[in-house]
Amino acid sequence: MTADVEHGQALTELLRANADTVVEKWVAEVAAVLRGRATRQELARDFRELYDVVLPLVGTDGRDLAGADFAEIRALLEEYSRARVRAGFTPSETASSVFSLKRTVFDLAENDEDPQLFRQLMTFSGLLDALGLWTFESYARAREEIIREQAEQLLELTTPVVKLWEGVLAVPLVGTLDSERTQIVMEKLLEALVETGSEHAIIDITGVLAVDTQVAQHLLKTVVAARLMGAECIVSGIRPQIAQTIVALGIEFGDIVTKASLADALRHALRREGVHVVRRPAGEDV
């Protein structure tokens, strides 16, 4: 890359000598587009850091963007793109912030008729095009990663393992049960069984929208995994409609204990734990 940088020496010196002016105009142009969604101080900090990293690359056209010489700028643009995703900026707004530097630099050199400088500007334009495209791609990757992280966090929140009693856990399920979610249910339940030493686990499907063959298989896998840990599983919340569907599909739950409600399942688990449940008339003192 050394020879290329030497070819861009005149432009490098021009950009270094006018660094403050270029960054100031760059910030002003992008700030006008964003209309207050990012402060000038934030843009100045980000753009100054980008500018300092871009300067040593002047003289290259960005064709070898995957090379080791571009590692620092790639990392910086990935970090910049991720921050813009979290702040709610669009991919176009994010990438155009990089492209905007091109116009600012061209304005700086518009009165210079040196043909060598003009050729260097064309090369620099190619570099910024490559960096802008990389920023756009980095934004897309960061957004997909963040969406995936949020989906995993949502699954964690919608699949709690609750300790109902000493030795009794419950997993209330709501919505759709698929392979990915079943895996999370299984992992969280097994971890909780180990941590608490519980011997009974209730899988409550009152909030599950529908039970088909696939859902039933997922439930059975979870029950088997819990049994291997030495815990008895009880499936509760089987409403009449779901019971009819299970029968119509010919799904066999074998020797798995099933109960109509979470309360029934809890009473069963408590009896197995040796706890005697007594109903008291309303208003009677304990």
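Summary of computed values
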read-out: From Ala225, Ala210, residue being open to solvent by 20 Å² or more (accessible area, probe 1.4 Å) and either farther than 17 Å from Arg272 by Cα or among the β-branched types (Val, Ile, Thr) (or both); value: Ala210
read-out: Subset of the stretch 240-251 that is among the β-branched types (Val, Ile, Thr) and open to solvent by 50 Å² or more (accessible area, probe 1.4 Å) - its residue that is modelled with the lowest pLDDT; value: Thr245
read-out: Any hit, the stretch 43-57, residues being farther than 16 Å from Val23 by Cα and open to solvent by less than 50 Å² (accessible area, probe 1.4 Å); value: yes
read-out: The lone exception for Val33 - which of (1) touching a residue at least 40 places away in the same chain (Cβ under 8 Å); (2) open to solvent by less than 70 Å² (accessible area, probe 1.4 Å) it fails; value: (2)
read-out: Filter result for Asp69 (under 16 Å from Trp134 (Cβ atoms), open to solvent by 80 Å² or more (accessible area, probe 1.4 Å), assigned to a helix (DSSP H, G or I) and in contact with a helix residue (DSSP H, G or I) (Cβ under 9 Å, 6 or more places away or on another chain)); value: yes
read-out: Matching residues in the stretch 136-158 - criterion: being open to solvent by less than 60 Å² (accessible area, probe 1.4 Å) and modelled with pLDDT of 70 or more; value: Ser138, Tyr139, Ala140, Ala142, Ile146, Ala151
read-out: Pair list, Cβ < 6 Å and 6+ apart or interchain, from the stretch 240-265 residues that are closer than 15 Å to Gly207 by Cα to residues that are in a helix (DSSP H, G or I) and of a type outside the set (Val, Ile, Thr); value: Lys259/Ala265
read-out: Residue match in the stretch 151-163 (condition: within 28 Å of Arg86 (Cβ to Cβ), out of contact with any helix residue (DSSP H, G or I) (no Cβ under 6 Å at 6 or more places or on another chain) and of a type in the set (Gly, Ala, Ser)); value: yes
read-out: Residue within the stretch 132-148 that is closer than 24 Å to Glu24 by Cβ and touching an Asp or Glu at 6+ places or on another chain (Cβ under 6 Å) present; value: no
read-out: Criterion (surrounded by 14 or more Cβ atoms within 10 Å (Cβ to Cβ) and on the phi > 0 side of the Ramachandran plot) met by exactly one of Gly230, Gly237, Gly254; value: Gly237
read-out: Close pairs from the stretch 89-117: first open to solvent by 80 Å² or more (accessible area, probe 1.4 Å) and modelled with pLDDT under 90, partner assigned to a loop (DSSP other than H, G, I, E, B) and not charged (D, E, K, R), Cβ under 8 Å, at least 6 apart; value: none
read-out: Top-ranked residue of the stretch 19-65 - restricted to ones that are part of a helix (DSSP H, G or I) and small (Gly, Ala, Ser), ranked as nearest to Arg103 (Cα to Cα); value: Ala28
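The values are calculated or read from the model by the stated rules, or taken from the named source; none is laboratory data. All values reported here derive from a predicted model rather than from experimental measurement. Note that each Cβ is placed from the backbone with ideal geometry, even for glycine, and that neighbours are counted across all protein chains shown. These accessible areas exclude ligands, DNA and RNA; they are computed on the full protein's heavy atoms, side chains included. Shrake-Rupley method; radii C 1.70, N 1.55, O 1.52, S 1.80 Å.
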